[in-house]
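Please treat every number below as a calculation from the coordinates, not as lab data. All values reported here derive from a predicted model rather than from experimental measurement. Counting neighbours? That spans all protein chains shown, and the Cβs are built from the backbone with ideal geometry, glycine included.
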Amino acid sequence: MRRSTEGKKAELWRVRIREAARSGLSVREFCRRRNLRECQFYWWQRKPKEPRPAPALETRASFALVSEEAGAGCGSGTGAGRRTPAAHPPGRG
């Protein structure tokens, strides 16, 4: 039931937004004359037309594990002398 209410509300605002565009009035004046809140008008004007797809249940990490050794941080002198591009950006090391 909530979806139908949301759909009706969205349709009502689509109509209002079209009327405002045809009226030749500023948004502020259009809203004042119809006793609407200007912030709501702009919110509905920006609201995405299509619902966003639900996020995937499983996401992949955006980082990679470089070393599990204790103290193997950048510049610590451990890690068998290996450098990784992630640890040292080009031109810095």
Distance in nm between pseudo-label sites at Q45 and E29 (7 Å out along the Cβ direction from Cα): 1.5 nm
Which value in Å is the Kirkwood Rh of the stretch 2-46 over different Cα pairs? 10.8 Å
